[in-house]
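Reading through the structure tokens given below for one structure.
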Amino acid sequence: MQQPPLYVAPWWLDATCGPDGWDAAILKDAHGNPVAGLPYHLTRIRGLQAVITPPFTQWVTPVSSSDSAGNYIPSLLSALPQVPILDLCLMPDTSLDLVESVIPATLKYSYIIPGASGADQLRAGYSEGLRRNLNKAEKLYSVAESTDINGFMALCRQSYAQQKISPPNWLAAVIPEVYKGLSTHQCGHLMMAYAEGKAIAGILTARDQHTSYYLAGGRTGDEQGASAHALLLDHAVRAALEHGTAFDFEGSMHPGIANFFQSFGGLPASYWRLRKFRGLGKLWSVFH
């Protein structure tokens, strides 16, 4: 593909999995030439081999030089390694009956503002409460692009602490590598909101040919952090629409977060989570 989606670009897979941490199921034609591929993160969970969605990645999708990559999905799924744990999210461009014929699938949801939405009328689609908060936030905070990845990571850790959960073990290694890749390929931004020179919130975004993605965010644990975070997302959505792309909030199944994204006018969009367990993987799945 000339311009693969963000989540299956080789540099993205290197950044999120490590150069030796990912592989791909490959289909070849009668002459041995590759015609389609599906990348995945190959790792171990509690000593068991696992094929999973790469860290920091919403879904993967088939890569093909043809326009019919979706037709290869059943064959690509059959070509995946037969490991004890398979847990893979797949881009929402296929029909469920094709997927279920190979691996059981369930739905997950993201929230997306379509690229056809007008940037000038963007806030008309916001909830009344969000518009009110943004009007106040614009008077309190300044927004600027930043290179302070360490400061952003500190804000991310504050966000996890506020939720009283531990950050994922890959966070400290993956986000800086992703930021380097985004900077090198000029397809992403780290934006920060400041109050009196102090960073209150930050978000990391990326884009490919069709979509801009909200990858990660961090903020202080007070009311200031919440309103500054909303202001940053408002800027990011506006930039995406002006760039001619949709904006993907990388939604959450958590009701509170889902409601927050929907207050921006985000529409639910489903994608597939494929899970299959073999051997000791079935025992592992009982407890997890």
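Per residue of the stretch 133-143, in order, report the coupling 6.51 cos²θ - 1.76 cosθ + 1.60 (Karplus, θ = phi - 60°) as ³J(HN,Hα) in whole Hz, putting x for Gly and Pro.
My calculation for the stretch 133-143 gives 5, 5, 4, 6, 5, 4, 7, 9, 10, 9, 10 Hz in order.
Out of residues 5 or more away from VAL60 or on other chains, whose amide H comes under 5 Å of its own, with H placed 1.01 Å from N in the peptide plane?
CYS89, LEU90, MET91
Taking the mean number of other Cβ atoms within 10 Å as a proxy for protection, how do you rank 54-61, 130-137, 118-125 from highest to lowest?
Packing proxy ranking, top to bottom: 54-61, 130-137, 118-125.
Could you tell me the largest-minus-smallest coordinate of the C-alpha atoms of the stretch 1-147 on each of the three principal axes, in descending order and whole angstroms?
Taking the Cα atoms of the stretch 1-147, the three principal extents are 61, 35, 30 Å.
Based on Cα coordinates alone, diagonalise the gyration tensor for the stretch 131-288, multiply each eigenvalue by 5, take square roots, and list the semi-axes in whole Å, largest first.
28, 19, 18
Hey, what do the phi angles of the stretch 33-41 turn into as Karplus ³J(HN,Hα) couplings, whole Hz, using 6.51/-1.76/1.60 and θ = phi - 60°, x for Gly and Pro?
Residue by residue, the stretch 33-41 yields 8, x, 10, 7, x, 9, x, 7, 8 Hz.
Only loop residues by DSSP count here, and only those with at most 16 other Cβ atoms within 10 Å; note down the trypsin sites (Lys or Arg not before Pro) in the stretch 1-106 that meet that.
Of the trypsin sites (Lys or Arg not before Pro), the ones in loops of the stretch 1-106 whose Cβ has at most 16 other Cβ atoms within 10 Å are ARG46.
Would you check the accessible area of VAL143, probe 1.4 Å, heavy atoms only, in square angstrom rounded to 10?
40 Å²
Express the C-alpha Rg of the stretch 170-214 as a ratio against the empirical globular expectation 2.2 N^0.38 Å, rounded to two decimals.
Scaled against compact globular proteins, the figure is 1.30.
Starting from a Cα-only point model with no solvent, please compute log10 I(q)/I(0) by Debye for the stretch 200-261 at q = 0.15, 0.16, 0.18, 0.29 1/Å.
Listed by q, the Debye log ratios stand at -0.46, -0.52, -0.65, -1.26.
Could you please state, rounded to a whole Å, how far the C-alpha centre of the stretch 1-75 is from the C-alpha centre of the stretch 225-288?
21 Å
The values are calculated or read from the model by the stated rules, or taken from the named source; none is laboratory data. What you are looking at is a predicted structure, and each value in this text was computed from that prediction instead of being measured. Don't worry about glycine lacking a Cβ; one is built from the backbone with ideal geometry, like all the others, and counts go over all protein chains shown. Protein only, heavy atoms only, side chains kept; ligands, DNA and RNA dropped before computing areas. Shrake-Rupley method; radii C 1.70, N 1.55, O 1.52, S 1.80 Å.
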